[in-house]
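All of the numbers you see were taken from the coordinates with simple rules; none came from a lab. In this text the structure is predicted, and so the values were computed from the model without any measurement. Positions of Cβ are backbone-derived with ideal geometry, glycine not excepted, and every protein chain shown enters the neighbour counts.
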Amino acid sequence: MDEKPATDIAPQEPEYIETDVFAWANNLVQYKDELKIELFLINKNYILYKTQMGGGLTKQLEPLFIDEILEYILEGAEKGLSVREFEAADAEDGILQRTRLSNVDKAREVLNWVKTQEHEIEVFVEDEHDMKRIKGVMARVSHEKLGKPFYIFKVLPASNMMKGKVGWMLRNGSFVPFDADGALRIPPEPQLLILDQDIYVFNQAKLKTLFGYDAKEAYIARAKVAEIEKQFTLSFDQGASMNSLVQGKKGLIKKLQKLDPTLMNQQDLMDHAEEMGIDLMQDDSGSIIIMDEKDLTKFVNLLNDDYIESPVTGQRYEVIRKKPLKLTESDDDLLKQVL
């Protein structure tokens with residue numbers, strides 16, 4: 001039975017040092033035929049599994065995981081390929097996108113597990129773990145002269161996997177029963193590369209598919225958080241921040257993207273919370289206390305004017321979806337006459 005991986009991520013990130021993917025690729029060329037490549041499967045709950053590789057497969061790993069990435073970077077460098085932060089740029093020709101590992105919680109979770117609890121990772125067995133629940137593969141690549149290992153990730157679409165007893169094979173002109181526990185095809189194209197604290201994104205869609213990270217949404221959310229922190233005084237537990245609490249919360253991120261924090265001030269928000277019976281506290285300095293995700297959700301809902309009281313029944317509601325009323329043509333004409 002699958003167990004949830006450890007999610008304890010160090011609250012303090014090491015000082016960020018930018019990597020140079022072009023220097024890395026140039027250096028890797030001399031070792032590419034001597035690399036140690038270990039594969040781990042990742043399921044839909046981000047559980048990692050070790051894999052056992054038959055001797056004939058080891059020769060296929062380097063072409064599948066290394067060659068395409070090196071070709072993309074080295075040939076791209078000759079044509080003017082440049083690196084740009086993922087959150088601030090759209091995908092376009094001649095641009096290799098990059099984001100910090102610290103921005104992508106699920107990627108950090110996976111690496112944290114393999115770095116600190118590898119001894120607990122089980123070997124994948126189809127009868128126990130179900131191939132159809134696998135969503136991706138991670139290659140850990142190392143060499144004694146490279147120092148730290150690097151990691152390559154690929155999404156494994158369901159169409160690339162086949163379980164035993166449901167397929168046929170063509171052999172000597174005739175179809176015969178598929179006689180293996182399962183089969184998978186690993187896409188050859190480069191998708192995601194992690195070097196130290198950087199994720200290089202060769203395919204934007206794969207980052208979202210595998211780790212649920214939409215860089216554009218996250219960038220907008222962080223900008224909105226900065227606006228809110230200018231408008232409101234908030235108090236968080238030590239080591240926490242609004243950005244850390246928002247990470248991975250799709251609903252909150254989408255709501256942050258749409259709200260306008262300038263439409264309400266701090267006193268108005270607290271008055272409205274009291275009117276609605278929303279339990280949101282302030283400390284002695286008047287800062288709004290945000291202890292956890294629940295407090296943050298209440299704060300964002302208040303800021304987005306999501307709590308209303310019916311003037312007819314007096315019932316109070318949290319509005320899940322709002323659609324602003326628009327004046328009809330006749331209402332608009334009447335308003336113009338009045339004005």
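Brief remarks on what is shown
- Normalised by 2.2 N^0.38 Å, where N is the number of residues, the alpha-carbon radius of gyration of the chain equals 1.28.
- Over the chain, relative contact order from alpha-carbon pairs under 8 Å, at least 6 apart, %: 15
- Which of 204, 66, 46, positive extreme of dipole for segment 21-212 (C-beta unit charges): 46
- Length-normalised contact order of segment 217-318 in % [C-alpha pairs under 8 Å, at least 6 apart]: 30
- Ordered by the number of other Cβ atoms lying within 10 Å of each residue's own Cβ, fewest first, 279, 284 fall into the sequence 284, 279.
- Build a GNM of the chain with springs between Cα atoms under 10 Å apart, and of 31, 46, 317 the one that fluctuates most is 317.
- Between the beta carbons of residue 158 and residue 291, assuming R0 = 35 Å, the FRET efficiency works out to 0.30 to the nearest 0.05.
- For the chain, the Cβ-based charge dipole about the Cα centre amounts to some 1220 debye (Lys, Arg positive; Asp, Glu negative; other atoms uncharged).
- For the residue pairs 154/224; 224/323; 36/154, the alpha carbons lie more than 24 Å apart in 154/224.
- Translational D in µm²/s for segment 21-212 (Stokes-Einstein at 20 °C, 1.002 mPa s, Kirkwood Rh from C-alpha pairs): 120
- Exposure proxy for 174, 235: other Cβ atoms within 10 Å of each Cβ, ordered fewest to most, give 174, 235.
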